[in-house]
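For reference, the structure discussed in these notes is given below.
The values are calculated or read from the model by the stated rules, or taken from the named source; none is laboratory data. Keep in mind the model is a prediction, meaning the values are calculated, not measured. Neighbour counts run over all protein chains shown; Cβ positions are idealised from the backbone, glycine included. Note: areas computed on protein heavy atoms with side chains; ligands, DNA, RNA excluded. Shrake-Rupley method; radii C 1.70, N 1.55, O 1.52, S 1.80 Å.
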Amino acid sequence: MKPFAFLSLLVDILGLRLRDRIALDERVRHIRVTTWIALLAAIWASYFNLHIDGMHALGTVELVAVVLLLMPATWLSNKPDFVGVAESLMLISTVAILGALIVYGGVSSTGVLWVFTAPFMAFFITGQRKGWWFSVCFIAAIAIYLAWVAPLLPFAYNYSPVYATHFVVALCFYTLTAAAFNQLRTRFEEHLQQRVEEKTADAKALLTQLQFLAGHDTATGLPNKVLLIDMLRNEMRGADANGRGLLICTLHLERFFELTNVIGNEGSDKLVGHIARHLGKLTHDNGVLARTGRDEFVIAYRLQQAALNPSVLERFIADRQFSIEENGYTLYIEFTLGLAMYPDHAQDAQQLLTRAEQAMLQARKDGQQWNVYDSDQEQVFVRHHLLFGQLREALHKQRLHVHYQPQIDMLTGRMLGAEALARWNDPVAGIVPPAVFIPVAEQSGLIRTLTTWLVGECLRECARWHRQGLDLDISINLSARNLMDPELMGVLQAGLEQTGLQPGRVNLEITESCFIASPERAMEVIQRIHDAGFRLSIDDFGTGYSSLSYMRSLPIDELKIDQSFVRTVLFNPGDQAIVSSTIELAHCLNLSVVAEGIEDQETADWLQARGCDIGQGYHFSRPLPSDAFEALAHSLGTGRKTAA
Ligand code: C2E
Ligand code: CA
Ligand code: CA
């Protein structure tokens, strides 16, 4: 290897591989440096030779070279287009000045050094190959001059032949040194350049990867929310330009966490891959699909017009349910969809996305599977949010209170109990009806605090009535979320302990909707409530579904016929049929029947004639504050006694 390496080095030094095509910016740098050094050196030399050394001919040549060659070269060295000209001027000035030095000055002492700079400069400026050309021509010219021309010129310096030979040999040696030096420098630079290029390529690859990761979801390779916003902006511009619309569809994957529990993390990555491919079919090349959260995807779909076409909508809605085979399981995938339209619903990409998300959240809250954004909904949304804050504060500061609506024995007219109804008169929000704040409390989870407070409050009140000799039961409304609350039993038991009430005095009202989300769990809780001795009542009976099936299996004590049937019962034969058959059915099952919403004597009479046990409604009394309620109880009499 070694001899070859040496040969290779020699070939390089001789510039035979023609590798010295120096980059333009490098040439510019080299010529800038050398022209300035040469200019200053030549000005100094011309001054020295003209004024101190008395070598006028040489000094004049130098001065002419400064003005005609070096100054223009220095100026042109700043212009990349003329770098070749600057190099040539520089070399010509070298030949002129050094030529004059050889002819007139005789290269001795410092003059020798000047001449030896020529090859270094030539290699440095022009590179290895041209450097050789220049140097060889330069040496040849000097040799020819010294051997044949100088003896003929009377004004030329008179060299001895031995000196001339020494001089030319020394110049050859320095030329070789300059070539070797230049080659080493070039190699070093090449090596450095190569390393820099490698590192730059590595950094670029990393940067590309980082940029990709910053804008994409790792599991699916789909754009993430950050990139989606950018892409949406583009899509919006495209839609504007073509007079088209854009449908933004937020897809929330239902029960994703449960699915992940079944199939594990790896499986869930595969699953989202499947889902992404499935959804990809929806967009084809007609939009963008992104994954914006663990269980959320967004599709931006280009519409042909600026309005939402029902057939497009149908297509998206049809796709919200599908199944996938994974690890031998059939997984049923279900989405809740929120849809928003550009340009109808927002002008800004971020806002458009938020609106689609709001529509989706609304759909989830309403238990619907899809929903298109509408601006009224937004107001509901904002109001809901405001109310949530205010309600939380009201609960914290105990600003809610309870009203009691009498429940009347239809036979005797005596008062049997009261339904506790929450009331909220807020200093800022004003009187907020339960129909507004109860849903807010249910959706936000505040219902737990509310019920805990209400149970404590009305059990205390009921115990107080008992101490005054009033024989009354208390009915408390429970929401579906209360039933799912593991602390509910504890709250009820604590209420009993603090007041000494019997559980049979407490009637818990639940609606059929409590069984929708998780029927088994609801059944279980209801059984525990019953076992603890509390009474159970089905509220708003007749408005839910599957009423008959659970009536058999549930340990309930009472049915409350919904007011929508009661209020029209005198005029509507259908309602009459429902109400009277419900009373009969309840009695067959040994349940007592409450009719709520009784607003007049005729309705009360009609119900009494059909055997309805208990009545509740404005006809008897509106819900009352505690003291007014107490006074009414005293005047009506309480407890189950026969009519006087
Ligand atoms: P609900 O349980 O069906 O309560 C009966 C509602 O009917 C009460 O409305 C009552 O004021 C009203 N009402 C009673 N008699 C008549 C009548 O003759 N005519 C008419 N038009 N209405 C009558 P309110 O107090 O506005 O309560 C509305 C709903 O809010 C309640 O319906 C109940 O579902 C819920 N709610 C109220 N307080 C609570 C509570 O503390 N906890 C829970 N979970 N829900 C509550
Ligand atoms: Ca009720
Ligand atoms: Ca009711």
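Things worth noting here:
- Lysines whose Cα lies under 20 Å from that of LYS270, excluding same-chain neighbours fewer than 8 positions away: LYS281
- Computed on the chain, with alpha-carbon pairs under 8 angstrom and 6+ residues apart, the relative contact order is 8 percent.
- Charge sum, other residues only, whose C-beta stays under 11 Å from GLY238's C-beta, Lys/Arg counted +1 and Asp/Glu -1: +2
- Surface share of carbon and sulfur [accessible, 1.4 angstrom probe, percent] for the chain: 59
- Shape of region 555-597, Cα gyration tensor, a/c cut at 1.5: oblate
- Under the criterion of Cα pairs below 8 Å and six or more residues apart, the relative contact order for region 225-373 equals 30 percent.
- Straight-line cross-link reach from LYS130 at under 30 Å between alpha-carbon atoms covers these lysines, not counting any fewer than eight positions away in the same chain: LYS2, LYS79.
- The packing ranking of peptides 156-164, 358-366, highest mean first, is 358-366, 156-164, where packing means the average number of other beta carbon atoms within 10 angstrom of each residue.
- Sequence ranges 330-340, 244-254, ranked by mean other-Cβ count within 10 angstrom, highest first: 244-254, 330-340
- Computed extension gain for VAL64 through ALA201, at 0.36 nm per residue and net of the alpha carbon distance, reaches 44.4 nm.
- Largest-first ordering by accessible area, 1.4 Å probe, given options SER375, SER479: SER375, SER479
- Estimated [θ] at 222 nm from DSSP helical runs (n ≥ 4, -39500 (n - 2.57)) normalised by residues in the chain, nearest 500: -18500 deg cm²/dmol
- Cα gyration tensor, region 49-133 - rounded (a/c under 1.5), prolate or oblate: oblate
- Separation between Cα centres of region 240-275 and region 388-406, rounded to whole Å: 40
- With K and R counted +1 and D and E -1, the other residues having a Cβ less than 13 Å from that of ARG291 yield a net charge of -1.
- When both bridge partners sit in the chain, DSSP labels roughly 60% of those beta bridges antiparallel.
- In summary, region 3-197 shows an alpha-carbon radius of gyration equal to 1.09 times the 2.2 N^0.38 Å reference for compact globular proteins.
- Think of a 1.4 Å ball rolled over the protein heavy atoms: region 225-373 then has 47 Å² of accessible area per residue.
- Against the compact-protein benchmark of 2.2 N^0.38 Å, the Cα-based radius of gyration of the chain scales to 1.93.
- Cα gyration tensor shape for region 182-268, rounded if a/c is under 1.5, else prolate or oblate: oblate
- Cα-based equivalent ellipsoid, region 225-373: semi-axes from gyration tensor eigenvalues, Å: 27, 15, 14
- Excluding ligands, DNA and RNA, the accessible surface per residue across region 3-197 is 57 Å² with a 1.4 Å probe.
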